[in-house]
Structure formats: C-alpha cells, structure tokens
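The block underneath contains the structure these notes are about, expressed in structure tokens.
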Amino acid sequence: MTFAVCPGSFDPVTNGHLDVFARAAALFEQVTVAVLINKTKSSLFSVEERIDMLREVVAPYPNVVVDSFHGLLVDYCRDHDIAVIVKGLRAVSDFDYELQMAQMNHRLTGTETLFVSTNPLYSYLSSSLVKEVATYGGDVSGLVPDILLTRLKERVDQVGL
Ligand code: PNS
C-alpha cells in the first residue's frame, strides 16, 4: 500500500486544495490531509474547526482521511508509513520554496514529493486571499466548498475588519 500526505494550514480549505486531494486520491491507496499545528501563527479557524471542515469536504473520497501534526512533516510521514508528499503547484512563484522544501524533506528521510499542476481555474487562489476578500465582503463562492460559505462569512463577521 502506498500512502500519501497532503500537508498544509488549510485556513480555510479552498477548492484548489480540494482539487489536489481528489487527484491524489486517484493515485494513492490512502491520502492523509494533514493540518499543521502552528501555535506561533494566528489563524481564522482553530485546528479542530479546520479538521471538521476538511472531514466534511473529503467525505465523498473514501480513501482520504484527515489528521493534524506538529513538528517535522517527514517525522509524521515516517510514523505513519507515508512515502509521498503531494503538493499543488500554482505558478512559478510557488516553485522556489516548494522545491527547497521537497529537497530538504528528501535529504532528511528520503521522502519523495509529487507536485500536481494546479487546475488553472484555481491558479490565483490561496487561503489568505480568500480570507481577505471574505473579510471585506467580497464574493468567494466557487472558491471554497459551498458547505463552508456560511461558516466563513460568520467567522469573518465575528472577527471584524
Ligand atoms: O499551507 P501551508 O501553510 O503553506 O503549508 C506549509 C506546510 C505545512 C506544508 C509546511 O510548512 C510544513 O511542512 N511544515 C511542517 C514543518 C516542517 O516539516 N518544516 C520543514 C520543511 S522542509
């Protein structure tokens, strides 16, 4: 069995992430969507909320599970028999840092990284932009899963500008 991981902050998960999960699910027997626990970074949604939202949106994919991790991604991979990290590449601007991380992760434990080219529909999309647009009242429908739209609006209204 080859296991893969799609790591990230997912604050919140976007349709671009979902596209990567679906494509990874078609390639690997099991895919873990792993949410980074990063206590030094402020977030719109707590890790538990992000996990709940991710579980809802990956429900149609029986071989996708959701978990969280802290520390090094390669340690999480080793502890869970995960051989491959799957990432989406949106544009050249992603490439430099993603390549560095892929090379470092390979250097540390030999874990491979597989890049899938982001669907061009979502090449400009990021969680940060979604948060910014939603915060100022912009329409983010079609950019995040529909079942999250209300939750996102409620949260940005709560947090305020
Ligand atoms: O969605 P993000 O915040 O861009 O995801 C970044 C993430 C979680 C994939 C990356 O920061 C990561 O793997 N962090 C875990 C710590 C780690 O392993 N650092 C060394 C990377 S070479």
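FYI, it's all coordinate maths here, none of it is from the lab. Because the structure is predicted, anything quoted here is derived from the model rather than measured. Methodologically, a virtual Cβ is constructed for each residue, glycine included, from the backbone with ideal geometry; neighbour enumeration extends over all protein chains shown.
Below are the figures for this structure:
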{"item": "Cβ-placed point charges (K, R +1; D, E -1), dipole of segment 3-122 about Cα centre in debye, nearest 20", "result": "200"}
{"item": "Inter-label distance for residue 68 and residue 146, nm, one decimal - labels placed 7 Å from Cα along Cα-to-Cβ", "result": "3.0"}
{"item": "Relative contact order (%) - the chain, alpha-carbon pairs under 8 angstrom, separation at least six", "result": "28"}
{"item": "Dipole-positive endmost among 134, 34, 57 within the chain (Cβ charges, Cα centre)", "result": "134"}
{"item": "Segment 52-93 and segment 110-156: distance between their alpha carbon centers, rounded to Å", "result": "17"}
{"item": "Sum of -39500 (n - 2.57) over DSSP H runs of 4+, divided by residues of the chain (222 nm, nearest 500)", "result": "-13500 deg cm²/dmol"}
